[in-house]
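Asks: Provided herewith is a single structure, encoded as structure tokens, for subsequent inquiry.
The values are calculated or read from the model by the stated rules, or taken from the named source; none is laboratory data. Everything numeric in this text was worked out from a predicted model, so none of it was measured. Glycine also receives a Cβ, built like all others from the backbone with ideal geometry; neighbour counts cover every protein chain displayed. Each accessible area value is taken on the protein alone, full model and side chains, heavy atoms only, with ligands, DNA and RNA left out. Shrake-Rupley method; radii C 1.70, N 1.55, O 1.52, S 1.80 Å.
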Amino acid sequence: DLDYMMWIKWLMSPIIITFVILPCIILLLIYVSSLILYIYKAHRKRLIRRLATYVEQGDFWLGGREIVATLWDAHAWLWHGYELWGLENLPTEGGFMLLYYHGALPVDYYYMVARVLLLKETMIHSVVDKFLFKVPGMKIILEAFCCTPGTVDTCAEQLAEGKILGLAPGGVYEAQFGDNEYKILWRERLGFAGAALKANVPILPVFTENVREAFRVFPFGNRFFYWLFEKTRLPLRPVFGGFPVKLRTHIGEPIYPEPGMTPEEMRDQCKESLERIIAQHQRIPGSIFRGIVDRLFKKPRSHSD
């Protein structure tokens, strides 16, 4: 009857919002980004006249990146009140690595890349999982934003050339099996440390408050999804959310290579530094409600990121 149907509709509405509508906002934003880049590619002659400054620099994608970065930065400000702290820690010369904690969906990293591009006019080159290159519509975004699967040698080469490299050692595993306790799940990853030592460049830890509250993974069936991940190496665990929590990214101080340092020692120093930033800035366990309430209060900058 009518009352029963209204009750079912009321019961299902939170599920539809958190599992369908809010995640689709980010999916839509990704494909809008793809559309903008396709438009730029198709109509570049007209856009070149308006983006002459970028054309003079010799980078085909500069104008397109600027448009997409502006779009994402606007979303970050409107939906999450996004803030980026610790820009003063970025070295002014040479290459370096930004090592970030991987949320269920790394929207915070997208926001940081966009904000650094707009504020510093510097592109962060990203190491991403190779499965992303097979997702329809993603290849053009990955190409425009300098994303590669990356190996130790190629990462070291880019760093030695003076580029900024962003990566998450936890990768898909940390995204799928992390929770609001914010434990670092790097397993035995050492490649990033080896690349930094080989190129002799510093590593800066990066963490974003409430990133696990913006998006979360389906909280049940952990063993099943772990088995599925081990078989496929794909992020098949459902993600839900899109909650408008406060997101505030902290860039920590550089960790410089030392003579005789091993990759294990570099990894451990990076992990300890990231854990300190999490302990200092993140409420544990994380709370979606309190993350939203954080939007109402300004956090004093009385510390060093």
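Asks: What pairs come out if I take residues in the stretch 249-260 that are more than 17 Å from Ile278 (Cα to Cα) and pair them with residues that are open to solvent by 30 Å² or more (accessible area, probe 1.4 Å) and part of a loop (DSSP other than H, G, I, E, B) whose C-beta lies under 7 Å away, six or more apart or interchain?
Replies: These pairs meet every condition: Pro257/Asn200.
Asks: Let me ask another. Given (1) touching a Leu at 6+ places or on another chain (Cβ under 9 Å); (2) buried (at least 20 other Cβ atoms within 10 Å of the Cβ); (3) over 30 Å from Ala76 (Cα atoms); (4) not hydroxyl-bearing (Ser, Thr, Tyr), identify the lone condition not met by Asn200.
Replies: It fails just one condition, (2).
Asks: What are the pairs, 6+ residues apart or on separate chains, where a residue within the stretch 186-202 that is β-branched (Val, Ile, Thr) has its Cβ under 8 Å from a residue that is assigned to a loop (DSSP other than H, G, I, E, B) and open to solvent by less than 100 Å² (accessible area, probe 1.4 Å)?
Replies: Hits for this filter: Val201/Gly94; Val201/Gly95; Val201/Pro257.
Asks: Could you say which residue among Ala76, Ala69 is among the small types (Gly, Ala, Ser) and within 15 Å of Thr208 (Cα to Cα)?
Replies: The match here is Ala76.
Asks: Pairs under 6 Å by beta carbon, first residue over 24 Å from Glu83 (Cβ atoms) in the stretch 232-244, partner of a type in the set (A, V, I, L, M) and part of a helix (DSSP H, G or I), six or more apart or different chains?
Replies: Pro235/Val172; Leu236/Leu228
Asks: I've got another one for you. What are the residues in the stretch 67-88 that are under 16 Å from Ile251 (Cβ atoms) and in a loop (DSSP other than H, G, I, E, B), if any?
Replies: Passing the criteria: Tyr82, Gly86.
Asks: Report the residue count in the stretch 207-221 for those that are charged (D, E, K, R) and not in a helix (DSSP H, G or I).
Replies: Of the residues in the stretch 207-221, 2 are charged (D, E, K, R) and not in a helix (DSSP H, G or I).
Here's the yes/no breakdown for (1) at pLDDT below 95; (2) among the β-branched types (Val, Ile, Thr); (3) surrounded by 24 or more Cβ atoms within 10 Å (Cβ to Cβ); (4) touching a Gly at 6+ places or on another chain (Cβ under 9 Å):
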| position | (1), (2), (3), (4) |
| --- | --- |
| Pro169 | no, no, yes, yes |
| Tyr173 | no, no, no, no |
| Ile184 | no, yes, no, yes |
| Arg189 | yes, no, no, yes |
| Gly194 | no, no, no, no |
| Pro205 | no, no, yes, yes |
| Thr208 | no, yes, yes, yes |
| Arg212 | no, no, yes, yes |
| Phe218 | yes, no, no, no |
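Asks: Hey, among Val201, Val239, which residue is within 24 Å of Leu29 (Cβ to Cβ) and touching a Pro at 6+ places or on another chain (Cβ under 9 Å)?
Replies: The conditions single out Val239.
Asks: If Val293 passes every condition in (1) farther than 18 Å from Phe96 by Cα; (2) free of Cβ contacts under 8 Å to residues at least 40 places away in the same chain; (3) open to solvent by 70 Å² or more (accessible area, probe 1.4 Å) but one, which one does it miss?
Replies: That leaves (3) as the condition not met.
Asks: Give me the residue from the stretch 251-274 that is among the acidic types (Asp, Glu) and part of a loop (DSSP other than H, G, I, E, B) and, out of that set, nearest to Tyr101 (Cα to Cα).
Replies: Among residues in the stretch 251-274 that are among the acidic types (Asp, Glu) and part of a loop (DSSP other than H, G, I, E, B), the one nearest to Tyr101 (Cα to Cα) is Glu253.
So that you can scan it fast, the table gives a plain yes or no per residue for (1) at pLDDT 95 or above; (2) part of a loop (DSSP other than H, G, I, E, B); (3) among the β-branched types (Val, Ile, Thr):
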{"residue": "Thr249", "(1), (2), (3)": "yes, no, yes"}
{"residue": "Arg276", "(1), (2), (3)": "yes, no, no"}
{"residue": "Arg295", "(1), (2), (3)": "no, no, no"}
{"residue": "Lys298", "(1), (2), (3)": "no, yes, no"}
